[in-house]
Amino acid sequence: MNVLLCATCGTRLTEPVRQLDEMPACPGWDGFADPDELRPGPASVPRGTYAVDPNPFGAPYVPYEGPAGEYDGVSPGGGWKSDARGLLVAAGSRGTYVLHPLDAVGLAPHADGARLIGCCGPDGTRGVNHVCACGAEVAIVATDCYIRYETRLVPDAVRMEAVA
């Protein structure tokens, strides 16, 4: 089991979690409310686990250059995004630590409210949107209803420590 800590101040940012061998496939979503009457998208990973995503995630976004019929979203299995340049893909951090949002601790919303946009919660598409208590930008939280339910810790902002 491991915990992830803020690389700046050492504050613990996760509950103890076990690493999965690979990033799970995108889970399906039925759109129904959970027991709390919320409608989060499907969790990317189960509680108590994390995965390291080798793919780029989040902002900035660059034009998609592959075959037109093979576009699979901003990241594999992710939502679609486009602008005047055409279809876009993520060019953000590689190697993000993907957690169930309930396994993250000690995070606060970013002071820049534009990074927290979404209809039911932040959608995670506008860059790092949560900070450590020390103010370091450490996480991309996605808890909106139309996207995977996850917290991603940015690899350069955190360090891992084994726990018993």
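The values are calculated or read from the model by the stated rules, or taken from the named source; none is laboratory data. Computed from a predicted structure; not experimentally measured. Cβ sites come from the backbone with ideal geometry, for glycine too, and all protein chains shown count toward neighbours. Remember, those area values only see protein heavy atoms, side chains included, never the ligands or the DNA or RNA. Shrake-Rupley method; radii C 1.70, N 1.55, O 1.52, S 1.80 Å.
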For this session: Pairs of Cα atoms under 8 Å, at least six residues apart: use those to get the relative contact order of the chain, whole percent.
Result: 29 percent
Exercise. Per the 1.4 Å probe, what fraction of the accessible area of the stretch 125-164, in percent, lies on carbon and sulfur atoms?
Worked result: 54 percent
Seminar exercise, completed: Given the candidates Ala43, Ala25, Pro155, the one whose Cα lies deepest towards the positive end of the charge dipole of the chain, counting +1 at each Lys or Arg C-beta and -1 at each Asp or Glu C-beta, is Pro155
For this session: Give the relative contact order (percent, whole number) for the stretch 90-164; include only Cα pairs under 8 Å separated by 6+ residues.
Result: 32 percent
Exercise. Largest first, what is the accessible-area ranking of Tyr97, Tyr146 with a 1.4 Å probe?
Worked result: Tyr146, Tyr97
Exercise. When the dipole is taken about the Cα centre of the chain, and only Lys, Arg (+1) and Asp, Glu (-1) are charged at their Cβ, what size is it in debye, to the nearest 20?
Worked result: 320 debye
